[in-house]
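K.L.:
This is the structure, below, for whatever I ask next.
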Amino acid sequence: MLYQTLARPVLFRIGRGDAEAAHDTTLRWLSRVSTQRQIRNALIKVNRVNAPVEVCGIRFPNPIGLAAGMDKKGLAIGAWPALGFGFAELGTVTGQAQPGNPQPRMYRLRKSGAIINRMGFNNDGAQALAARLTAAPPVDCPLGISIGKSKAVPIEQAVPDYLHSLRTLYPFADYFAVNVSSPNTPGLRQLQDSSALRELLGAIRAEGDRIAAGRPRRPVFVKIAPDLTESAIAQLLEVCLETGVAGVIATNTTLGRDRVDPSEDAIAAEPGGLSGRPLTEVSREIVRFVHTETGGRLPIIGSGGIMTPDDAASMFDAGASLVQIYSGLIYGGPSVVRGSVRRYKKFAKQRAKAAAHPPSRPSPTT
Ligand SMILES: Cc1cc2nc3c(=O)[nH]c(=O)nc-3n(C[C@H](O)[C@H](O)[C@H](O)COP(=O)(O)O)c2cc1C
């Protein structure tokens, strides 16, 4: 409530012309929170609702996470659990430092509850993130690290570029997310095609085995686009199962512009990936498809248009084991995170009750 009445109007005013300015201001505040242990601990007490879950051998204090892209450079690592998150995904980070696309490159569509971005993986590179993580105090939640391809690296050289980031960041990640679905790096989505994906994921598995040296390797999730057809997703899932991928993140932003409020058609014409409310149903239905297609064998992190606690519950109901929020945090603030954990607890209770007392079948009539 405080966020919507106080913080959001200030931030949206700062970012009236440029949404990225508001984003940078928020990260600066949060990076201060991140380094102050007492403030962090006090905020964790207020904001974090516990609902422990274990997925892929990782224990999460609750299943609501921060989606990739918000803290690409790892500037506010300690702040995310203080806002109530049960995990945070840093990145997407690339092998090489890069400035991203020219500004402006982030737009808010307020009536649609949406954001368009074409950031283009602006980040300081894997080495700089590793240095920041080395210096950071211990974090109160699991960390995922999203890795992607450097823009300057041709698509044929993508594998060594991903492996460089994997090696550099291996000690710091509880899991890795392989980003092959951002619409803002030319050619990146081609890596979702079966043969390219098989090569990339096979190499990541082999490198993970080598680094882990007999210990269990870090789980790897693959993040997919919402713009794939069902048959393309089915093929991609086969490759994931073949190459020992731990799970899928569904979904990234969309190139589609359906469900945008018509009064915002002019901003909607900006190139880039669309997130937020217009994505809610699309992402949820992809999560449902992945869950059904794999018979629940691949854990799913649901991402896309979780703007309210009810949206989070629907994502769990569709088959997600964990969910992530980005646009919902911008529009609703940390209460969306807290509310989603509470709603998850209710959902989990109902699900356990239903499993314990399945509806009795009518007895066959003779
Ligand atoms: C400004 C912005 C930057 C993003 N950057 C990344 C990124 O670097 N890597 C990534 O995997 N996803 C990125 N995303 C996508 C989000 O992680 C998320 O999957 C997507 O926005 C859908 O969730 P939402 O509707 O809750 O925002 C970005 C999204 C936004 C809005």
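The values are calculated or read from the model by the stated rules, or taken from the named source; none is laboratory data. A quick note: this is a predicted structure, and the numbers were derived from the prediction, not measured. Because the Cβ atoms are built from the backbone with ideal geometry, glycine has one as well, and the counts that use them run over all protein chains shown. These accessible areas exclude ligands, DNA and RNA; they are computed on the full protein's heavy atoms, side chains included. Shrake-Rupley method; radii C 1.70, N 1.55, O 1.52, S 1.80 Å.
K.L.:
Take region 269-293 and flag every residue that is open to solvent by 10 Å² or more (accessible area, probe 1.4 Å) and either more than 13 Å from the ligand (Cβ to nearest atom) or over 20 Å from Leu228 (Cβ atoms) (or both).
P.N.:
Ala269, Glu270, Pro271, Arg277, Glu285, Arg288, Phe289, His291, Thr292, Glu293
K.L.:
Go through (1) touching a helix residue (DSSP H, G or I) at 6+ places or on another chain (Cβ under 8 Å); (2) open to solvent by less than 50 Å² (accessible area, probe 1.4 Å); (3) not basic (Lys, Arg) one by one and return the number of the condition Glu264 breaks.
P.N.:
Unmet for Glu264, out of (1) touching a helix residue (DSSP H, G or I) at 6+ places or on another chain (Cβ under 8 Å); (2) open to solvent by less than 50 Å² (accessible area, probe 1.4 Å); (3) not basic (Lys, Arg): (1).
K.L.:
Is region 294-309 home to any residue that is assigned to a helix (DSSP H, G or I), open to solvent by 10 Å² or more (accessible area, probe 1.4 Å), more than 28 Å from Arg59 (Cβ to Cβ) and touching a residue at least 24 places away in the same chain (Cβ under 8 Å)?
P.N.:
Scanning region 294-309, I find no residue that is assigned to a helix (DSSP H, G or I), open to solvent by 10 Å² or more (accessible area, probe 1.4 Å), more than 28 Å from Arg59 (Cβ to Cβ) and touching a residue at least 24 places away in the same chain (Cβ under 8 Å), so the answer is no.
K.L.:
Go through region 56-112 and give me each residue that's charged (D, E, K, R) and farther than 15 Å from Pro142 by Cβ.
P.N.:
Lys72, Lys73, Arg105, Arg108, Arg110, Lys111
K.L.:
Quick test for you: out of Asp18, Asp24, Asp71, pick the one residue that is charged (D, E, K, R) and over 22 Å from the mean Cα position of the chain (by Cα).
P.N.:
The unique qualifying residue is Asp18.
K.L.:
Let me ask something else. Can you name every residue in region 131-159 that is more than 21 Å from the chain's Cα centre (by Cα), in contact (Cβ under 8 Å) with a residue 60 or more places away in the chain and closer than 24 Å to Pro186 by Cα?
P.N.:
The answer is none; no residue qualifies.
K.L.:
Then there's this: Could you figure out which of (1) closer than 17 Å to Val248 by Cα; (2) crowded, with 20+ Cβ neighbours inside 10 Å; (3) in contact with a helix residue (DSSP H, G or I) (Cβ under 8 Å, 6 or more places away or on another chain) isn't true of Ser146?
P.N.:
Of everything listed in (1) closer than 17 Å to Val248 by Cα; (2) crowded, with 20+ Cβ neighbours inside 10 Å; (3) in contact with a helix residue (DSSP H, G or I) (Cβ under 8 Å, 6 or more places away or on another chain), Ser146 misses just condition (3).
K.L.:
A further question follows. How do the helices (runs of 4 or more DSSP H) wholly within region 18-127 filter down when requiring 3 or more residues that are at pLDDT below 95: which remain?
P.N.:
Of the helices (runs of 4 or more DSSP H) lying wholly inside region 18-127, those with at least 3 residues that are at pLDDT below 95 span 19-35, 37-47.
K.L.:
Oh, and also: Check whether at least one residue in region 27-39 is within 16 Å of the ligand (Cβ to nearest atom) and within 19 Å of Ser146 (Cα to Cα), and report yes or no.
P.N.:
Yes - at least one qualifying residue is present in region 27-39.
K.L.:
Scan region 69-110 for residues that are within 23 Å of Val180 (Cα to Cα), open to solvent by less than 20 Å² (accessible area, probe 1.4 Å) and small (Gly, Ala, Ser) and jot them down.
P.N.:
Answer for region 69-110, where residues must be within 23 Å of Val180 (Cα to Cα), open to solvent by less than 20 Å² (accessible area, probe 1.4 Å) and small (Gly, Ala, Ser): Gly69, Gly74, Ala88, Gly91, Gly95.
Residue by residue, here is whether (1) part of a helix (DSSP H, G or I); (2) modelled with pLDDT under 95 holds:
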{"site": "Pro186", "(1), (2)": "no, yes"}
{"site": "Gly208", "(1), (2)": "yes, no"}
{"site": "Glu238", "(1), (2)": "yes, no"}
{"site": "Leu274", "(1), (2)": "no, no"}
{"site": "Leu279", "(1), (2)": "yes, no"}
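K.L.:
If you don't mind, there's one more thing I want to ask. For Gly244, only one of the following conditions fails: (1) assigned to a loop (DSSP other than H, G, I, E, B); (2) farther than 16 Å from Arg205 by Cα. What is its number?
P.N.:
(2)
K.L.:
Do we have Gly125 as without any contact (Cβ under 8 Å) to a residue 40 or more places away in the chain and at positive phi here?
P.N.:
For Gly125, the condition - without any contact (Cβ under 8 Å) to a residue 40 or more places away in the chain and at positive phi - is met.
K.L.:
Can you name every residue in region 123-143 that is of a type outside the set (Asp, Glu), within 16 Å of the ligand (Cβ to nearest atom) and surrounded by 17 or more Cβ atoms within 10 Å (Cβ to Cβ)?
P.N.:
Matches in region 123-143: Asn123, Gly125, Ala126, Leu129, Leu143.
K.L.:
Could you check Glu270 against (1) over 30 Å from Asn47 (Cβ atoms); (2) assigned to a helix (DSSP H, G or I); (3) among the acidic types (Asp, Glu) and say which number it fails?
P.N.:
Looking at each condition in turn, Glu270 falls short on (2).
K.L.:
For the subset of region 316-338 comprising residues that are assigned to a loop (DSSP other than H, G, I, E, B) and at pLDDT 95 or above, which member is nearest to the ligand (Cβ to nearest atom)?
P.N.:
Tyr326
K.L.:
Please verify whether region 230-237 includes one or more residues that are touching a residue at least 12 places away in the same chain (Cβ under 8 Å), buried (at least 21 other Cβ atoms within 10 Å of the Cβ) and not aliphatic (A, V, I, L, M).
P.N.:
No, the conditions are met nowhere in region 230-237.
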